[in-house]
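Undergrad: Here you go, one structure.
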Amino acid sequence: MREFSDIISKWYSQNKRDLPWRRTRDPFKIWLSEIILQQTRVAQGLKYYLNFVSEFETVNDLAKSKEEKVLKLWQGLGYYSRARNLHFTANYISKELNGEFPKHFKGLLELKGVGLYTAAAIASFCYDEKVAVLDGNVFRVLSRVFGIDQPINSSLGEKIFRELSTELLPSSEVSNYNQGIMEFGALQCIPKSPNCEPCPLNSRCDALRTKRVKELPVKLKKTKVAEWHMSFLVLISGRGTVLRKRVGKGIWQNLYEFPSFVASSAEDSKNDLSLFISEASVDVNSLEFVSAIYRHLLSHRKIHAQFFVYRVEEIPSLLKSETVVFEDLLGLPIHRLIEKFISDSPSFFKLEGKS
Ligand code: SF4
């Protein structure tokens, strides 16, 4: 056990990437980086992290900002409840905890949006608390080195991996070791074709010895994702269009989008759009453009979306209050599908050359 953690820590000191959140022990910055990196890879996350920390130096700065601004900075990462939780938790820490992050794993775990992994990451990276991190990279390394074929997403599997990862923790410098095993999974013991020949663990790796590198880790298949068909109504009048804020619970809550019609089939969603058009007295002959079908995959949903652009004299009175001028379009938090359509069709919004 001791040897394993020594090898990982040594490998980390020689191979780690120089990343801004590795040069700090500020829990606010570590927390930000972890929440962002749960959504995306390092290369893309870096830009988001730098934007966030240049906008908000402390948790109090983030708390003072409007949720809309946080969503805008988050735009493109998806899973917007994470951004909303980020803002909520910043407010809680600022107001209820005097701007101070809890200094222990258990206290961190009580924060909204902070689960076992994030609490362990902050506690160990910032305070060297002896608590193991368990993410996809760690599961992979442990499953291969120790030859564990219990599914990583089964409750028994999670128990086995959690106990093993705790046993493997070194008695000091937990921060280095925890970051090391994650980095080892990200760079060395990668999902496909890991580079086993120069690997410092190759003489101890059960998967390599038993030729099961490709088989491990084992993961149970997820249940089928639901399909959504969406028709978006894009009204253009002069220099204005209609965008509405999504209300109610859901992944896109509080983000803006063109009026949308969701159904379980493309036909039903188009029918709903047609009904709405007649209700709002939009001239059917003003239809100018129908987009190709956009496909968008979320963790639990597969979306097929189509945009219907109508150029009208005036925005119908039913929708007037939701009119947005083109100049303000890019300043509002919008979800990925809307962003994609606007960037594919900038001429409708007179946004050529802008982003
Ligand atoms: S030998 Fe290969 S499979 Fe085993 S830990 Fe190293 S890189 Fe991963």
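Undergrad: If you scan region 23-44, which residues turn out to be of a type outside the set (A, V, I, L, M) and either farther than 17 Å from residue 185 by Cβ or at pLDDT 95 or above (or both)?
TA: Result: 23, 24, 25, 26, 27, 28, 29, 31, 33, 34, 39, 44.
Undergrad: Looking at 84, 17, which is the one that is in a loop (DSSP other than H, G, I, E, B) and farther than 15 Å from residue 122 by Cβ?
TA: That would be 17, the only listed residue that is in a loop (DSSP other than H, G, I, E, B) and farther than 15 Å from residue 122 by Cβ.
Undergrad: Here is a further query. Filter region 124-138 down to the residues that are part of a helix (DSSP H, G or I) and within 24 Å of residue 102 (Cβ to Cβ), then identify the one that is nearest to the chain's Cα centre (by Cα).
TA: Per the stated criteria, the residue is 138.
Undergrad: If I filter region 301-317 down to residues being closer than 16 Å to residue 242 by Cβ and touching a helix residue (DSSP H, G or I) at 6+ places or on another chain (Cβ under 7 Å), which single residue comes out as surrounded by the most Cβ atoms within 10 Å (Cβ to Cβ)?
TA: 307
Conditions (1) assigned to a strand (DSSP E or B); (2) among the β-branched types (Val, Ile, Thr); (3) away from the ligand (no atom under 14 Å from the Cβ); (4) modelled with pLDDT under 95, marked per residue:
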{"residue": "140", "(1), (2), (3), (4)": "no, no, no, no"}
{"residue": "148", "(1), (2), (3), (4)": "no, yes, no, no"}
{"residue": "162", "(1), (2), (3), (4)": "no, no, yes, no"}
{"residue": "171", "(1), (2), (3), (4)": "no, no, yes, yes"}
{"residue": "189", "(1), (2), (3), (4)": "no, no, no, no"}
{"residue": "199", "(1), (2), (3), (4)": "no, no, no, no"}
{"residue": "213", "(1), (2), (3), (4)": "no, yes, no, no"}
{"residue": "219", "(1), (2), (3), (4)": "no, no, yes, yes"}
{"residue": "228", "(1), (2), (3), (4)": "yes, no, yes, yes"}
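Undergrad: Also, quick follow-up: Quick one: what pairs do we get from region 272-296, first residue under 13 Å from residue 317 (Cα atoms), second surrounded by fewer than 13 Cβ atoms within 10 Å (Cβ to Cβ), C-beta under 7 Å, 6+ apart or different chains?
TA: Filtered contacts from region 272-296: 277/284.
Undergrad: Quick check on this structure: which one of 93, 8 is within 29 Å of residue 142 (Cα to Cα), surrounded by 14 or more Cβ atoms within 10 Å (Cβ to Cβ) and either among the aliphatic types (A, V, I, L, M) or out of contact with any Asp or Glu (no Cβ under 6 Å at 6 or more places or on another chain) (or both)?
TA: Only one candidate passes the filter, namely 8.
Undergrad: Residues of region 249-291 being in contact with a strand residue (DSSP E or B) (Cβ under 7 Å, 6 or more places away or on another chain), within 20 Å of residue 334 (Cβ to Cβ) and of a type in the set (D, E, K, R), which ones?
TA: 257
Undergrad: From the set of residues in region 178-215 that are of a type in the set (Gly, Ala, Ser) and more than 14 Å from residue 142 (Cα to Cα), which is farthest from the chain's Cα centre (by Cα)?
TA: 203
The values are calculated or read from the model by the stated rules, or taken from the named source; none is laboratory data. On a predicted model such as this, the values are computed, not experimentally measured, just so you know. Using ideal geometry, Cβ is built from the backbone for each residue, glycine included, and neighbour counts are taken over all protein chains shown.
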